[in-house]
1. May I ask you to list the trypsin sites (Lys or Arg not before Pro) in the stretch 54-116 that are in a DSSP loop and have at most 11 other Cβ atoms within 10 Å of their Cβ?
2. Would you work out the charge dipole size for the stretch 13-139 about its Cα centre, treating the Cβ of every Lys and Arg as +1 and the Cβ of every Asp and Glu as -1, and quote it to the nearest 20 debye?
3. With label points built 7 Å along Cα→Cβ from the Cα atoms of Asn87 and Tyr106, find their separation and express it in nm.
4. Expressed in nm to one decimal, what extension gain is obtained for the pair Glu117 and Arg27 from 0.36 nm per residue of sequence separation less their Cα-Cα distance?
5. One quarter of the convex hull surface, Cα atoms only: what value does that give for the stretch 13-139 in nm²?
6. Kindly give Rg over Rh for the stretch 66-112, based on alpha-carbon atoms, with the Kirkwood expression for the hydrodynamic radius.
Amino acid sequence: MSKTSSLKSVRVWDCTESCRSEYHARRLNAAITKRNLSDFQIACYLVKTCRNFSKISDGLGKTVLHTAASCGRKNLCQWLITKAEANASVPDLESGYTPLHTALFYGYVDVAVKLIELGAKPGVLDREHFSPISLLSLDTSTVSGLSNSCTEVYVCGSNLNYTLGVGTNDPKKT
């Protein structure tokens, strides 16, 4: 195969700083989710794929910063905000989540702290009127009015693999 014929298969993007391609956004968001790629490799891919990579969004309004926050990529989030000028407080179209909401929803507190340090607004509310911080307490249940007797735990014996409640290191006791 000659060099010119292999170059014909190379796709050249006709992309400008005002690109709004959802196709680009989907490809970029998919690349960020690949765990075997480093943040540096992803950043290079973002720059090479779309000139407006930090501002475009997919059909649900998710930007590359949303996806980086949901995957726990703290260094990539920092680079997107400081170098690529990504907006740290833009909500998505689906739930109104900002990248800060997304980071906390997926349990990446370190990413959330970095986003706040870089200017993300913790007071922005989603479509259900939850702030990013209030998402932390959504899965907890509150039980009130219990007496101390309701907190006892009953076990039915002991064995080596703890399936009966408590374990033992004595192999003769089963």
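FYI, it's all coordinate maths here, none of it is from the lab. A quick note: this is a predicted structure, and the numbers were derived from the prediction, not measured. Cβ coordinates were reconstructed from backbone atoms using ideal geometry, including for glycine residues, and neighbour counts include every protein chain displayed.
1. Values: sites: Lys55, Lys62, Arg73, Lys74, Lys83, Lys114; in loops: Lys55, Lys62, Arg73, Lys83.
Filter output for the stretch 54-116: Lys83.
2. Working: 15 positive and 13 negative charges, 85 e Å.
It comes to approximately 400 debye.
3. It works out to 2.1 nm between the two label points.
4. Numbers: separation 90, 0.36 × 90 = 32.40 nm, distance 2.83 nm.
Gain in length upon complete extension: 29.6 nm.
5. On the way: hull surface 28.9 nm².
Orientation-averaged projected area of the Cα hull: 7.2 nm².
6. Numbers: Rg = 9.7 Å, Rh = 10.3 Å.
Taking Rg over the Kirkwood Rh, I get 0.94.
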